[in-house]
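Take a look at the structure set out below.
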Amino acid sequence: MGQFISKLRNIGIAAHIDAGKTTVSERILFFTGINRKVGETHDGQATMDFMKQEQERGITIASAAITTHWRDCQINLIDTPGHVDFTVEVERSLRVIDGMVAVFCAVGGVEPQSETVWNQADKYRVPRIAFVNKMDRTGADFQEVVAQMNKYLGANAVPIQMPIGAENDFIGMVDLVNMKAVTFKEKERIVGDIPESLMQQASDARRFLIEKLADVNDTIADLYLEDKEIDAATLMKAVREATIKLLITPVLCGAAYKNKGIQLLLDAIVDYLPSPTDLGTIDAHDLYDEDRLIHRNPTANEPFSALAFKLINDPFVGQQTFIRIFSGVLTTGMSVFNSTKSKNERIGRIFRIKAKEREEISEAGAGEIVALVGMKYTRTGDTLCDEKNPLTLESIHIPPAVIEMKVNLEDRKSRDKLGEALAKLCNEDPSFHAHYDEETEETIISGMGELHLEILVDRIKDEFKVPISVGAPSVSFRETITSEVENDYRFVKQTGGKGQFAHTVIRFEPNSGKGFEFIDITKGGVIPKEYIPSVQKGLMAAMDKGPFAGYPVVDVKCVLVDGSFHPVDSSDMAFQVCAQMCFKQAFRKANPILLEPVMKAEINTPDDYIGNVTGDLNKRRGRIEGMRRFRKGSQKIDCFIPLMEMFGYATTLRNLTSGRANYSMEFHQYMPMPAARQEEIVKERNEKKE
C-alpha cells in the first residue's frame, strides 16, 4: 500500500476563465487513454463538463474528480471552475488536492481571477507547476507571462522548458532538464537534439534554472560553484524538492488544442508534483477538545479519516458523495462516524470515477479520492472518521450568500418537485440557499452572484423538469444594532387549560464582525438550567428575520441577565417565545441599521478609458484602493464597491470601453449603508408588507 500511495497524484487544474483549462484536462484524458476521441469545449463534447449548462456555456461549473493513469502513477484529476461565482468550488478542490497545475493563456497572461485562485492556493499551501497554453495564438509571449507571474503572483516562476517558435511558428519546446528538443507530429512527440541555432539560448535558459535552484538547494549550489556538470536526474530531484516546498514554480509551455506539450505536462505532474506521502502528516482537531491537535499519516495502518468535499446528483445511482481519504482504509459495508453531524454512516458502494464512467471497488486507501453512494447525513465539508478515534478535519470556508432572487412556479402542481429540486441543490452546493417566505408566499433563492443563480435556475428547469420563472435579482442585506439596550419581558398567556409563563431580562450589545454570541450570567437558578437553551433557540429564531426590514440579523451579543419561571406554567416553548418577543422589542430601541454586502472588484482597462471607468465607479459609491500598470497600455483598478450598485455592470463596462475592459469581483464584507439609501429600502420593504 505504501508503494501505491507514493504513486498517487491528486491534482487540480485551475486557471482564469478562457485560459483553456478544460481543453488541457481533455487532452490529459485523451493521452492517458480514458478518451478514445478528443472532446472539445467549443463543440460541447468535453468529458469533464458533463452538466448541460457547462456544455452550453463552455465553462466548467462542478469540479468533478476523474481517475486516470500515466507511466506507473495513478492521477486523480480534480477539475475546478475559473469563474469567481464558483469560488466555493475552487476552495473545496484546494482542500483535497496535493498539487496544482495553473494554466495561463500565452496571450492574456495573468488575469485578475488567476490572482484569486493563486492566493487561495497559497492559503492552503498547495505546490504548483504552471502551463502556458495557447502558444500558437497571435500575440503569444512566453517570457512576458513568466514575468507577470513573478510580478503579480510572487510565484518565483522558473521555466523548465523553452518554446521553439511562437504564434504560427510554434512547433515544440526545448526540455531544459534533459537538454532535448521536443516537436510534434499530429499526436506523436518527436524527441531529438537541440538545433544549433537555439543551442546558446537553451544553454543560457538552463543556466538560469540552475542558478535559481542553487538559491534553494545546497547540492546544486555546491556543483554550480565548483563549475561541475549537473546531470538530468540530479536536476530533476532538485526541481521536485523545491516545488514541493513551494520555493519555485516550474513553468512549461504548449498548445493543448493542437496536442502540443501535453505528454510533457503529464511527465511533469508525475516528476514534480507531490504524492500524499510527500506532504506527510495532516493536522486534525480532537472532537472533544478543540485545542488538542491530532496528527494523521497517509498510511493504511492509521485510523480512518476523510473529508467529504463534493456532492453530485447522478440520475443513475442517486447522490454521489466525493471524499478524500487522508488515512486508513475504507471498505464496503464498514461503519464510519460523521463527527460533524455526530451520526454513524454505513458505507454502501464505493466508486472510482472516470467522467461519465464509474468503476465499483471494494476498498480504498489513504490518499485516494472516491465517490460513495448511499450516504444519508454527509454533506460538503463533513469529516468522516473511525468511531473509536473521533476527530474533525478543517472544514471548507463557505462565504455568505449575497444576492437573492424570487422563484415563481408556472404550475402550482409542481410545488413538491420544486421543494425536492431545491433541497438537492442546497445539499450539493453549500453557497446556495433557498427558503419560503410565509408572509409573501414566495420562494427565495440566494447565492454568490448573478451567474451562479442563473445556472442553478437553468438546472431546476432542465435537470429537475420544474417549470419556473424568476424575478430580478436583489441584494441580500443584513440588520444589526448600534447601541446597547437591556429589556425586561414577561410572557404570560392564560388559555382554557394550562397557562404559559416565562420571564427574561436580556442585555443586547453590538458585536461588530463577531456574529451572534449568547452568554448566560443568571445566578441562583432564577431560570432553570433546562430552559437556558430554549432562550438561546428563541433568540436565534428571532434573528432569522429582523424586526427592522425583515432581513437576517447579525453581530449581536445577547446577555441573559435575569428572569423568573413558574413551576407549572413554564415550558421550553414559553421561554422560546418570550426570548423572541424580548428581542423584537429591544431591537427597535437599539438604533438598528442595515448592512450591505461590499465586493472587492478588480477592473482591467486600457489606459484610454481610465477616466470613464473611474468616473462611473465613483457614481456607484466605489472606493478606489489603487491603480497599477497591468501590462503595456492597460491598468488594473482595485476597488471596493457595494453589490447593489453592480447590477448590469458588465454591460455598462462594455459600453464605456468599447468591449475592451473586463472585471472580476468577490465578496469582501458587510458594511453599514448610507442613511438615505437605508430609508428607501426600509420604506420599500414595509410597503410590500402592506
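The values are calculated or read from the model by the stated rules, or taken from the named source; none is laboratory data. Treat the numbers as computed from the prediction; the structure is a model and nothing was measured. All Cβ positions, glycine included, derive from the backbone under ideal geometry; neighbour counts span all protein chains shown. The area values use the complete protein model at the heavy-atom level, side chains included, leaving out ligands, DNA and RNA. Shrake-Rupley method; radii C 1.70, N 1.55, O 1.52, S 1.80 Å.
The table that follows gives values for the structure above.
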{"item": "Total residues in region 540-561, condition touching a residue at least 60 places away in the same chain (Cβ under 8 Å) and open to solvent by 50 Å² or more (accessible area, probe 1.4 Å)", "result": "0"}
{"item": "Pairs with Cβ under 8 Å, 6+ apart, first in region 608-620 and of a type outside the set (D, E), second part of a helix (DSSP H, G or I) and at pLDDT below 95", "result": "Y609/L656; N612/L656; V613/L653; V613/L656; R620/E645; R620/Y649"}
{"item": "Restricting region 418-456 to residues that are under 20 Å from the mean Cα position of the chain (by Cα) and of a type in the set (A, V, I, L, M), the residue that is nearest to K310 (Cα to Cα)", "result": "L425"}
{"item": "Hits in region 174-195 (condition: modelled with pLDDT of 95 or more and either in contact with a helix residue (DSSP H, G or I) (Cβ under 7 Å, 6 or more places away or on another chain) or of a type in the set (D, E) (or both))", "result": "V174, D175, L176, V177, N178, M179, V182, D193, I194"}
{"item": "Long-range neighbours under 6 Å by Cβ, at least six apart or interchain, first residue in contact (Cβ under 8 Å) with a residue 12 or more places away in the chain and over 15 Å from D271 (Cβ atoms) within region 166-180, second of a type in the set (D, E, K, R) and open to solvent by less than 30 Å² (accessible area, probe 1.4 Å)", "result": "none"}
{"item": "Top-ranked residue in region 392-414 [being surrounded by 16 or more Cβ atoms within 10 Å (Cβ to Cβ) and over 23 Å from the mean Cα position of the chain (by Cα); ranked as farthest from M646 (Cα to Cα)]", "result": "S414"}
{"item": "Scan of region 639-673 for residues that are of a type in the set (V, I, T), closer than 23 Å to D18 by Cα, out of contact with any Ser or Thr (no Cβ under 7 Å at 6 or more places or on another chain) and at pLDDT 90 or above, ordered by number", "result": "T652"}
{"item": "In region 102-128, the residues that are among the aliphatic types (A, V, I, L, M), at pLDDT 90 or above and surrounded by 24 or more Cβ atoms within 10 Å (Cβ to Cβ)", "result": "A102, V103, A106, V126"}
{"item": "Unique match (being assigned to a helix (DSSP H, G or I), modelled with pLDDT of 55 or more and under 27 Å from E359 (Cα atoms)) among L77, L29", "result": "L29"}
{"item": "Selected residue [at pLDDT below 95 and either of a type in the set (A, V, I, L, M) or outside any strand (DSSP E or B) (or both)] from D283, D271, D267, D291", "result": "D291"}
{"item": "Any helices (runs of 4 or more DSSP H) falling wholly within region 584-690 and containing at least 3 residues that are among the β-branched types (V, I, T)", "result": "610-619"}
{"item": "Selected residue (criterion: most open to solvent (accessible area, probe 1.4 Å)) from residues of region 247-283 that are closer than 28 Å to E211 by Cβ and acidic (D, E)", "result": "D278"}
{"item": "Selection count where residues are out of contact with any His (no Cβ under 9 Å at 6 or more places or on another chain) and either modelled with pLDDT of 90 or more or not in a helix (DSSP H, G or I) (or both), scope region 440-452", "result": "4"}
{"item": "Residues (buried (at least 20 other Cβ atoms within 10 Å of the Cβ) and under 43 Å from the mean Cα position of the chain (by Cα)) located in region 562-576", "result": "A574, F575, Q576"}
{"item": "Exclusive hit being without any contact (Cβ under 8 Å) to a residue 12 or more places away in the chain and within 34 Å of the chain's Cα centre (by Cα), set Q200, Q161, Q143, Q148", "result": "Q143"}
{"item": "Qualifying position, being open to solvent by 60 Å² or more (accessible area, probe 1.4 Å), within 23 Å of G447 (Cβ to Cβ) and of a type in the set (F, W, Y), among F640, F647", "result": "F647"}
